[in-house]
Amino acid sequence: MVITVAFIGYLVAGFWGATLAAIGIFLPAYVLTIVPAPWFKRHRDNAQLRAFVQGATAAATGAIAGAVIVLGLRSIYDIPTALIGLVTLGLLWRFKLQEPIVVMAAGLAGLVIWPWISGAR
């Protein structure tokens with residue numbers, strides 16, 4: 001998310017647009033995590049707070065899973081993209097690779113496959 005926001009900020013207003021956009025998207029999450037941290041540490045044994053955190057975690061997991069489904073439906077639309085997606089899933093499942101490596105490898109795979117699927121050899 002931060003990378004996308006910074007990229008759009010750069011397109012709109014150059015370096016300072018990218019910087020301000022990244023700060024604007026990152027700072028609230030940082031502040032809302034760091035500021036209440038001492039309070040959460042003091043009350044970490046509270047059963048009601050633990051139940052809230054478990055519920056919030058389950059809701060966040062569901063929201064992320066829903067986003068994955070939406071993104072998958074929009075980005076996997078033919079056999080080559082389905083193959084890239086399946087190979088990526090298998091590699092992640094087996095080797096626990098870092099996400100930037102996976103994104104770069106999938107992008108390179110798309111570049112290699114593109115001439116064959118577009119007919120421009």
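Derivation of every value follows stated rules applied to the coordinates shown; laboratory data play no part. Treat the numbers as computed from the prediction; the structure is a model and nothing was measured. Note that we place each Cβ from the backbone using ideal geometry, even for glycine, and neighbour counts take in every protein chain shown.
Structure summary
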{"quantity": "Sites Val12 and Phe52, calculated FRET efficiency, Cβ-Cβ separation with R0 30 Å, nearest 0.05", "calculated": "0.20"}
{"quantity": "Lys/Arg +1, Asp/Glu -1 at C-beta; the chain dipole; positive extreme among Leu27, Asn46, Ile8", "calculated": "Asn46"}
{"quantity": "Leu97 long-range amide H proximity, modeled H, under 5 Å", "calculated": "none"}
{"quantity": "In sequence order, calculated HN-Hα J values of segment 35-47 (Karplus, 6.51, -1.76, 1.60; Hz; x Gly/Pro)", "calculated": "4, x, 4, x, 5, 5, 5, 5, 10, 5, 8, 5, 4"}
{"quantity": "In degrees, nearest ten, helix 79-95 long axis to first principal axis of the chain (Cα)", "calculated": "50"}
{"quantity": "Dipole moment magnitude, nearest 20 debye, the chain about Cα centre, only Lys, Arg, Asp, Glu C-beta charged", "calculated": "320"}
{"quantity": "The chain - convex hull of the alpha-carbon atoms, volume per residue in Å³", "calculated": "164"}
{"quantity": "Calculated FRET efficiency for the pair Ala82/Leu27, C-beta based, R₀ 35 Å, to 0.05", "calculated": "0.35"}
{"quantity": "Theoretical gain in end-to-end length, Ile69 to Leu91 [0.36 nm per residue, Cα-Cα removed]", "calculated": "6.0 nm"}
